[in-house]
Amino acid sequence: MIPKTAGKFLTEDDLRAYAKCSRYYHLGGEHSEEHLITIIRYVFEALTSHSIRKDIKDTLYTMQKYIYRSMKKLKVKDNLLDSQVQTLHRKATLILSEIFLSFSLDQYLPVYGPFEYNTKVNKTPVTLKVSGLYRSKKNQTLHIVCFTPYQNEHAALNDPVTQLKLQTLKHTVKPHGSGRPQAKLHLFGLNSKSNLFYASQDSRDINKTTLHQVTQLVTQMETGNHFPLVPCPYACKYKQNCYPEKQHE
């Protein structure tokens, strides 16, 4: 039997949308995120790439440059009033400053900028995204930085891709006799009030049961199974026509 995912590379958002509701995914639903987290990810990635090439002498100035650039590239200004753009810019500056206080470039050395890579889950390739790889100045643990579209720590840590990234990237660092983690994943996100939150997991937290559940999720996508949640907790655009498809003889 040919998998329904044949010829396709699943994305992180495909997995998130299907995990949310298989029927929602089948009808074309996508997992989306707010402008603000998109801007913050863009700027963090730009600063990471910049710092690999050369030292950043004025972090705030360089940050402002990339915030403006992100808004232009993402066409944020096309859909917002000037006052809204200014508010978004101010929030992005404050949140990014907060991130770099907790994840200081004085403590972590950037080793690789943003990238995508492919891994295989069951029969299907999945494309994963990373915003930056860092090394601590204290030891050889690999630090993986990602931004989550979810709005709380619980959801971020239960994201289908979280442990998948740890499992696939930990092998770039040899195990240490002291039991020190090979890799640590740092997750930054925004809550419903657009305030920053942080969550983390390391390679010692990898759970075989969770990885098996991700495999089962992809297996369901391969078979094409989809059915509405009952009762449905969401208010999506497919609510009015989310019914089992009629079978015609």
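Structural remarks
- Stretchable slack from ASN79 to VAL230, in nm (0.36 nm times residue separation minus alpha-carbon distance): 50.8 nm
- In region 160-239, the chymotrypsin sites (Phe, Trp or Tyr not before Pro) that fall in loop regions by DSSP, at most 15 other Cβ within 10 Å: TYR234
- Note on region 81-207: Kirkwood radius taken over Cα pairs, Stokes-Einstein applied at 20 °C and 1.002 mPa s, translational D equal to 135 µm² s⁻¹.
- Residue by residue, region 207-213 carries 3J(HN,Hα) couplings of 10, 4, 5, 5, 4, 5, 5 Hz when phi is fed to the Karplus relation 6.51 cos²θ - 1.76 cosθ + 1.60 (θ = phi - 60°); x denotes Gly or Pro.
- Toward the positive end of the charge dipole of the chain, with +1 on the Cβ of Lys and Arg and -1 on the Cβ of Asp and Glu, the farthest Cα among GLY132, TYR42, GLY224 is that of GLY132.
- GNM top mover of VAL76, VAL161, VAL126 - the chain, alpha-carbon springs below 10 Å: VAL76
- Note: the chain, Cα convex hull, 163 Å³ per residue.
- Taking all protein chains together, GLU45, GLU30 sort by accessible area into GLU30, GLU45, largest first [probe 1.4 Å].
- For the chain: relative contact order, % (alpha-carbon pairs under 8 angstrom, 6 or more apart): 22
- Region 142-249, accessible area per residue, ligands and nucleic acids excluded (1.4 Å, Å²): 60
- Karplus 3J(HN,Hα) series, Hz, for region 180-186 with 6.51 cos²θ - 1.76 cosθ + 1.60 (x for Gly, Pro): 4, x, 6, 8, 10, 9, 9
- Farthest positive-ward along region 70-109 dipole, Cα basis, beta-carbon charges - from PHE100, THR87, VAL76: VAL76
- DSSP bridge orientation in the chain - percent antiparallel, rounded to nearest 5: 75
- Among the protein heavy atoms of region 1-153, carbon and sulfur supply 49% of the accessible surface, probe 1.4 Å, non-protein parts ignored.
- Gained length - GLU116 relative to LYS193, 0.36 nm times residue gap less alpha-carbon distance: 24.8 nm
- Centre-to-centre, using Cα atoms only, region 184-216 and region 30-53 are separated by 18 Å.
- Of the trypsin sites (Lys or Arg not before Pro) found in region 32-69, the ones in coil according to DSSP and having at most 10 other Cβ atoms within 10 Å of their Cβ are LYS54, LYS57.
- Approximate spin-label separation ASN241-HIS176, in nm, with each point projected 7 Å along Cα-to-Cβ: 5.6
- For HIS186, distant residues with modelled amide H under 5 Å away: ILE144, VAL145, CYS146
- Scalar couplings 3J(HN,Hα) for region 43-51, obtained by applying the Karplus form with A = 6.51, B = -1.76, C = 1.60 to θ = phi - 60°, are 5, 4, 5, 5, 5, 4, 4, 4, 5 Hz; x denotes Gly and Pro.
- Placed amide H near PHE197: partners under 5 Å, 5+ positions off or other chain: GLY189, LEU190, ASN191
- Dipole moment magnitude, nearest 20 debye, the chain about Cα centre, only Lys, Arg, Asp, Glu C-beta charged: 540
The values are calculated or read from the model by the stated rules, or taken from the named source; none is laboratory data. The structure displayed is predicted, hence computed values, not measured ones. Methodologically, a virtual Cβ is constructed for each residue, glycine included, from the backbone with ideal geometry; neighbour enumeration extends over all protein chains shown. SASA here: full protein model, heavy atoms, side chains in, ligands and nucleic acids out. Shrake-Rupley method; radii C 1.70, N 1.55, O 1.52, S 1.80 Å.
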